[in-house]
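Quick notes on the structure that follows.
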Amino acid sequence: MIERTTGGQIRLRPRDDTLHVSQNRTVFATERDGQITNGADHGLFVHETRVLSRYGYRINGEPLFPVALSNIESHSWLGYYIALPPGIRVGPPDQGSGQMRQETEQTLELRVARFVGDGVHEDIDLTNYADQPTAFTFEIEIDADFADVVETKRPRQQHGQCKRSWSDEDNELTFDYRAEHHYENQSERGTARLHRGITICFTGSTTAPRERDRAIVFDIELKPGESWHTCVEMRVLIDGQWLEPFYRCRAFHGTHNQRDERRRLFLNEATTFASPESETLTPVVIQALERARRDLLGLRLYDLDTDERAWTMAAGLPIYLALYGRDTLTASWEAALLGSDLMRGTLAELAQWQGTEVNDWRDEEPGKMLHEAHTGPLETLNYNPRRRYYGSITTSGFYGVVVSELWHWTGKLDLVRPYLAPALKALNWLDRYADLDGDGFYEYLTRSVQGVKHQAWKDSPDAIVDEEGRQVAPPIASCEEQAFAYLAKLQLSELLWWMDEKDAARRFFHQASEFKKRFNDAFWMEDEGFFALGLTEHKRQIKAITSNPGHCLATAIVDQSLVLKTVSRLIADDLFSGWGIRTLSSLNAAFNPYSYHRGSVWPVEHGSFVLGFMRYGLHQHVELLCRAQFEAAALFDFYRLPELFSGHRRDDAHPFPAYYPFACAPQAWSASAVFCFVQAMTGLYPYAPLNLLLVDPHMPEWLPDLTMRNLKVGDAKVTIRFYRKPDGTSDYDILDLRGRLHVVRQPSPWSLTADFAERLQDALMSFIK
């Protein structure tokens with residue numbers, strides 16, 4: 001049992017020097033004072049382009065004092081600033097116990113309400129709370145550099161021409177940036193052009209603005225109690241298309257634009273979670289679940305909406321604000337408990353990017369699924385292949401898994417049919433192109449001069465090491481990629497059977513069965529009681545002890561006789577830190593608790609792991625991982641699990657893990673993982689084709705009561721309460737059911753702990769309910 005440490009004053013905040021306001025492909029990233037004055041990570045970024053590199057407020061050339069700054073939602077923000085009103089008479093400084101500052105007794109307040117929605121809208125209000133009149137200049141410093149998000153930290157590659165102009169007639173400041181690049185690479189040649197810009201318009205003010213020294217200046221006079229207002233409207237030009245603000249003056253008073261309505265629609269229809277307050281971890285769980293619902297919505301890429309109920313998301317804020325194939329597939333699958341919207345939107349969007357040709361520079365081949373698609377200047381100008389890049393083996397294998405999961409949750413053949421052909425093409429790519437040496441396993445190897453070196457789950461350049469900590473060079477057949485391909489073939493064989501494609505179904509089922517046998521023979525390390533990380537070009541096992549085999553458990557490619565050994569090795573002290581399972585054993589010479597993939601802890605993996613443990617009826621192990629992850633969430637700001645955190649041992653000397661300094665938060669697949677945790681503890685799995693929902697709750701002491709409202713399976717909606725009884729067993733009550741649905745208590749078919757009598761008793765009791 002892990003000692004619980006969720007109280008006290010521990011609070012971990014990512015990127016402590018930065019505030020983010022974001023929506024769609026726009027991020028307003030500022031210093032902690034809400035302004036942009038310096039720093040590589042700061043600016044107004046639209047389509048991965050820094051369209052503003054400086055933005056700050058001054059009174060008579062001096063900064064104001066920020067007193068309260070906070071997001072309201074992910075796309076809205078409010079800031080209060082104060083200053084001593086210029087020109088007023090003040091008494092001597094307070095020498096008493098209060099030591100009051102003069103700005104708080106004679107106050108000029110600046111209030112900024114900021115709204116991001118492609119463009120940006122700001123309401124700026126200045127109020128004189130002093131007992132004397134004041135006159136001053138209010139300045140907004142503004143500049144732009146149109147750097148790619150990567151170029152803010154590295155030497156600049158693209159050099160265009162930026163024109164700055166001010167219009168007294170329209171009260172508008174405009175930056176217009178144009179660049180071009182003559183490129184020739186392995187597969188393509190030509191000239192790419194970039195045209196981006198921003199227009200900042202000042203309206204609603206009783207004072208006319210003017211430009212002075214790269215700042216917009218207002219001359220303002222305020223009597224005691226008097227206020228002054230202006231609106232700042234920012235319109236952004238992206239290659240011929242103007243992106244307009246979705247918000248107007250006083251937007252906090254109520255908004256009704258299309259995106260607000262789509263947000264409300266999702267939050268109203270998606271599954272919600274509730275539990276009685278207690279002295280346990282319950283409040284943390286409920287708040288983490290609600291934060292995750294809103295974070296996934298906050299990462300929504302509205303420009304890729306299929307319709308109002310089918311959408312996909314960016315991978316993470318602030319550096320992965322683009323479409324990533326495997327990230328979106330993983331997040332939409334792990335968050336299926338909320339509804340099918342994310343799977344539908346993700347499958348539809350990725351199908352449009354599926355590879356059609358052999359293009360070595362982009363690592364593209366016919367049928368291969370997308371790794372990433374960016375819209376920044378360097379990608380648009382073809383300085384790199386990431387405008388459309390295919391350097392991942394994971395997306396192609398996992399696409400079919402998500403298609404089958406959409407089928408399990410909805411039971412609608414017409415809904416999944418359009419995605420079956422892309423899934424089959426992706427599997428054909430695996431068989432035709434990814435088996436590089438014809439041994440029946442799937443390897444990765446980049447062909448691009450700018451390609452990703454490692455193209456499996458762990459894709460950082462130094463991620464793959466052997467048992468001695470030495471780097472291993474591709475081609476590599478990693479264990480989890482074999483598992484994903486196995487599961488895709490197994491589950492698609494079922495879907496094909498339902499679609500009356502019996503011959504294809506038999507073929508895929510046979511291939512999966514044979515593949516499973518060969519995998520266990522080739523990857524099992526008897527001396528370690530564990531699976532190898534992968535196979536080298538020469539078929540040598542990569543014997544490093546890593547988290548990767550946990551995904552093999554989740555897919556059931558592991559032979560049943562090896563399951564308990566694999567699980568025991570996963571939770572041994574060198575892998576399990578107390579907060580989660582490390583990506584690499586702490587006993588490996590290459591272990592580094594801060595490394596991206598050589599010792600850190602990734603929440604997304606744990607979503608897969610706990611579903612694997614649930615599959616085999618290992619409920620104590622499910623609780624172990626879920627509790628560790630929720631206790632970690634309790635330490636982070638907003639109960640939000642970040643992209644990753646350090647792999648330090650949880651003990652008295654390390655009462656909390658260290659933050660990976662560049663982790664995204666929110667991160668789509670970290671947000672989605674929390675829904676897998678409650679799915680595993682409740683033993684919940686849908687089979688909508690038969691109007692069936694299987695449950696097998698094992699509620700821990702720290703989460704004795706949990707209600708899921710509005711859970712959708714097929715055309716039915718159900719509200720279920722899961723609870724722990726005084727004798728330590730768990731049960732459930734159906735509180736509301738609309739539509740046809742059979743809720744049956746039944747352990748997983750692969751369970752190692754449930755016997756026939758238990759299964760029969762559970763089934764009979766389900767019918768009594």
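Since every read-out is calculated from the coordinates, none of them should be taken as a lab result. Please read these numbers as outputs of a predicted model, since none were measured by experiment. Every residue, glycine as well, gets a Cβ built from its backbone with ideal geometry; the counts of neighbours run over all protein chains shown.
Per residue, the convex hull around the alpha carbon atoms of segment 282-332 comes to 89 Å³. Couplings for segment 108-122, taken from phi via the Karplus curve 6.51 cos²θ - 1.76 cosθ + 1.60 with θ = phi - 60°, read 9, 9, 10, 10, 10, 10, 10, 10, 10, x, 6, x, 10, 10, 10 Hz in order; Gly and Pro are left as x. Residues whose amide H falls under 5 Å from that of TYR687, counting only those 5 or more places apart or on a different chain, are LEU692, LEU693, LEU694, with hydrogens built in the peptide plane. Angle of helix 413-429 to the longest C-alpha principal axis of the chain, folded into 0 to 90 degrees and rounded to 10: 80°.
For a straight C-alpha distance cut-off of 23 angstrom, the lysines reachable from LYS725 (same-chain residues fewer than eight places away being disregarded) are LYS769.
Exactly which trypsin sites (Lys or Arg not before Pro) in segment 44-89 are in a DSSP loop and have at most 10 other Cβ atoms within 10 Å?
Details: sites: ARG50, ARG54, ARG58, ARG89; in loops: ARG89.
Hits after loop and neighbour filter: ARG89.
Sorted on the mean count of surrounding Cβ atoms within 10 Å across their residues, most packed first, peptides 663-669, 554-560 read 663-669, 554-560.
Would you calculate a helix-derived [θ] at 222 nm for the chain, using -39,500 (n - 2.57) for each DSSP H run of n ≥ 4 and dividing by the full residue count, to the nearest 500? Display every interim value, and only then the final one.
Values: 16 runs with 206 residues, N = 769.
The per-residue figure over the chain is -8500 deg cm²/dmol.
Label sites at ASP715 and GLU226, each approximated as a point 7 angstrom past Cα along Cα to Cβ, lie 6.7 nm apart. For segment 243-273, the set of trypsin sites (Lys or Arg not before Pro) satisfying both a DSSP loop assignment and a count of at most 16 other C-beta atoms within 10 Å is given as ARG248, ARG250. What the Cα atoms of segment 351-390 give is an Rg and a Dmax of 9.7, 27 Å.
On a 0 to 90 degree scale, rounded to 10, what angle separates helix 668-682 from the longest Cα axis of the chain? With rounding to tens, the tilt is 50 degrees. The fraction of Cα-Cα pairs per 10 angstrom bin, counted from 0 for segment 447-592, comes to 11, 37, 32, 15, 4, 0 percent, rounded to whole percents. Across all directions, the average projected area of the convex hull around the alpha carbons of segment 309-464 is 9.8 nm². When the Cα atoms of segment 245-396 are aligned to their principal axes, the ranges along those axes come out at 57, 42, 25 Å in descending order.
Between GLU528 and ASP733, what is the FRET efficiency for a Förster distance of 45 Å, r being their Cβ-Cβ separation, to the nearest 0.05? Write out the running numbers ahead of the final one.
On the way: r = 45 Å, r/R0 = 1.00.
The computed FRET efficiency comes out at 0.50.
Taking amide H as placed 1.01 Å from N in the peptide plane, the amide H of GLU467 sits under 5 Å from that of LYS543, ALA544, each at least 5 places away or on another chain. Seen from all directions on average, segment 568-676 presents a Cα convex hull projection of 6.5 nm².
In order along segment 440-457, phi translates into HN-Hα couplings of x, 10, 9, 10, 10, 6, 6, 10, 8, 5, 10, x, 6, 5, 9, 10, 9, 4 Hz, rounded to whole numbers, per the Karplus curve 6.51 cos²θ - 1.76 cosθ + 1.60 with θ = phi - 60° and x for Gly and Pro. Computed extension gain for LEU78 through CYS249, at 0.36 nm per residue and net of the alpha carbon distance, reaches 60.2 nm. The loop-placed trypsin sites (Lys or Arg not before Pro) in segment 457-501, going by DSSP, that have at most 14 neighbouring Cβ atoms within 10 Å of their Cβ come out as ARG470. The rule of thumb for compact globular proteins, 2.2 N^0.38 Å, goes into the C-alpha radius of gyration of the chain 1.02 times.
Evaluated at 25 °C with a viscosity of 0.890 mPa s, what Stokes-Einstein diffusion coefficient in µm²/s does segment 424-473 have when Rh comes from the Kirkwood expression over alpha-carbon pairs? Walk me through the intermediate numbers first.
On the way: Rh = 12.4 Å.
Translational D for this selection: 198 µm²/s.
Can you tell me how segment 379-459 classifies by the Cα gyration tensor, rounded, prolate or oblate, using a/c under 1.5 as the rounded cut? It is oblate, given that a/c is not under 1.5 and a/b is not larger than b/c. Within straight-line reach of LYS712, meaning a Cα separation under 13 Å, sit the following aspartates and glutamates at least 8 residues removed in sequence or on another chain: GLU269, ASP341, ASP736. Here the simple spin-label model places points 7 Å from the Cα toward Cβ, and for VAL449 and ARG540 these points are separated by 3.1 nm.
Considering every alpha-carbon pair of segment 175-263, the percent of pairs per 10 Å bin, from zero through the bin containing the longest distance, is 12, 26, 28, 19, 11, 3, 1.
Based only on Cα atoms, what Rg/Rh ratio does segment 607-670 have, Rh being taken as Kirkwood's radius? If you can, show how the numbers build up before the last one.
Numbers: Rg = 13.0 Å, Rh = 12.9 Å.
With Rh from the inverse mean 1/r over Cα pairs, Rg/Rh is 1.00.
Segment 14-62 and segment 219-291 have Cα centres separated by 18 Å. Over all pairs of different C-alpha atoms in segment 518-616, the reciprocal of the mean inverse distance, the Kirkwood hydrodynamic radius, equals 13.6 Å. Arranged from fewest to most other beta-carbon atoms within 10 Å of their beta carbon, GLU290, GLU151, GLU514 become GLU514, GLU290, GLU151.
Measuring spread by the Cα atoms of segment 680-758 yields a radius of gyration and Dmax of 12.8, 36 Å. Helix 479-498 and the longest principal axis of the Cα set of the chain meet at an angle near 70°.
Relative to the current alpha-carbon distance between TYR183 and SER460, full extension at 0.36 nm per residue lengthens the span by 97.0 nm. For segment 373-509, lysine pairs separated by 8 or more sequence positions, or belonging to different chains, with Cα-Cα distances below 25 Å total 9.
So if each residue of separation counts as 0.36 nm, and I subtract the Cα-Cα distance between ASP219 and GLN132, what length gain in nm does that give? Intermediate results must be reported in sequence, preceding the final value.
Numbers: separation 87, 0.36 × 87 = 31.32 nm, distance 1.74 nm.
Result for the pair: 29.6 nm of gain on full extension.
Which entries in LYS565/LYS717; LYS368/LYS516; LYS368/LYS717; LYS516/LYS539; LYS517/LYS717 show an alpha-carbon gap greater than 29 Å? Beyond 29 Å: LYS565/LYS717; LYS368/LYS717; LYS517/LYS717. The HN-Hα couplings worked out from phi for segment 289-301 by the Karplus form 6.51 cos²θ - 1.76 cosθ + 1.60 (θ = phi - 60°) are 5, 5, 4, 5, 4, 6, 5, 4, 5, x, 8, 4, 8 Hz, whole numbers, x standing for Gly and Pro.
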